[in-house]
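Worksheet for the structure shown next.
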Amino acid sequence: MEYEGKQVRGYNTIVYYENTIKNHIENSIGRMKIRFIKYKQLQDYFNDLEKNKSHPTAVNAKKVISATLQYALRCQYIYDNPLINVKLIPVNDESKEKEEKKKTITDEEFINLVNGVLSKSKYSRKGFEFNNKAYVVAMYISHYCGLHIGEAFALEKSDFDFVNETIKIGRELVYGGLRRKNYYTKDKLKSETSKATIVFPKPLQEVLKQWFEVNPHEIVICQEDGWYMSPSSFNARVSKVSHELGFYFHYHMLRHTFVTTLVKNGVSDVVTMKMMRHSQISTTMQIYTHPDLEDQRKAIQKAF
């Protein structure tokens, strides 16, 4: 299936799209001509994924097919989007679906997760203390600054200015489909506003100063050999720990939590947009804020 995105999506996202197409789309619904794909075929396809694969697989496939159909609409290959009414229905795991809708992490969960990663659990291996500490530093960086995982894992010590309390963000790690030894960084980010110098708070300064005493290498998030770490290994390690602790976690939740924290503490929309490095306020407000019932209650009490 044709899909859109090589101009506006990062390399790692493109690899993820291509793997999803190869593994779950091209030999099934991907064989159909796009103008013949209707709601019924799509719903049956996703029901089959939910039954025989997993709910996360269905979610990923829907993202790719959605991008494809939206592109087809703009090109007038089709004139309506049959995906609009398609529902993803987890077979026997409603609790897991609820977890996967979670977008933010509480302070208590974050601290428990940090301690869990550092602790000697059944998921730790002998000699991996350095790696675990690097994982935790990566978590703190995005907890306090809202970076994407590829941006955080590409940082070098020279990007940090402790005098002016700033971080220069100008590259991302390219790792999708590559062996760790072949990882590299590129300076073309998702948008022009993604490149920026942002302020980082004193608690993160203390974390970094302690880490720099332990880590002699220029790459900040690295293995003990000084080379880049695998974000995939990070996700596997930390997801296991969060599961053991009883809650769902993925790295991007730190970015969601960061912007939600800014908004809840009264930071203006414009400043929040700048700190998130978005080009439009609408992106910041619509995608990255998740007001709960307590937020709504406070708003209505303040208004009336």
Subject >> Distance violations [Cα-Cα > 25 Å] among LYS22/LYS168; LYS133/LYS181; LYS62/LYS181; LYS103/LYS181; LYS51/LYS102; LYS168/LYS188 >> reply: LYS22/LYS168; LYS62/LYS181; LYS103/LYS181
Original post:
Fewest first, what order do LEU118, LEU254 take by the number of other Cβ atoms within 10 Å?
Top reply: LEU118, LEU254
Original post:
What number comes out for the charge environment of TRP227, summing +1 per Lys or Arg and -1 per Asp or Glu over other residues with Cβ under 12 Å away?
Top reply: 0
Original post:
For ASN265 and GLU218 in one chain, what is 0.36 nm times their gap in residues minus the Cα-Cα distance, to one decimal in nm?
Top reply: 13.5 nm
**OP:** Give the order of TYR175, TYR251, TYR79 when sorted by the count of other beta carbons within 10 angstrom, beginning with the fewest.
**Re:** TYR79, TYR251, TYR175
**OP:** For a footprinting-style exposure proxy, rank TYR183, TYR77 by other Cβ within 10 Å, fewest first.
**Re:** TYR77, TYR183
**OP:** Determine the sum of side-chain charges near TYR45: Lys and Arg each +1, Asp and Glu each -1, restricted to other residues whose C-beta is under 13 angstrom from that of TYR45.
**Re:** +3
Subject >> Using a Förster distance of 51 Å, the FRET efficiency for ASN27-ASP187 (Cβ separation, nearest 0.05) >> reply: 0.90
Original post:
So how much slack lies between TYR79 and ASN115, counting 0.36 nm per residue of separation and subtracting their Cα-Cα distance, in nm?
Top reply: 7.7 nm
**OP:** For ALA196 and LEU245, compute 0.36 nm times the residue count separating them, minus their Cα-Cα distance, and round to one decimal in nm.
**Re:** 14.1 nm
Original post:
When the Kirkwood hydrodynamic radius is evaluated over all pairs of different C-alpha atoms of region 107-253, what value in angstrom, to one decimal, is obtained?
Top reply: 15.7 Å
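A short reminder: the numbers here are calculations on the coordinates, not readings from a lab. These figures come from a predicted structure and were not determined experimentally. No Cβ is skipped: glycine too gets one built from the backbone with ideal geometry, and neighbour counts run over all protein chains shown.
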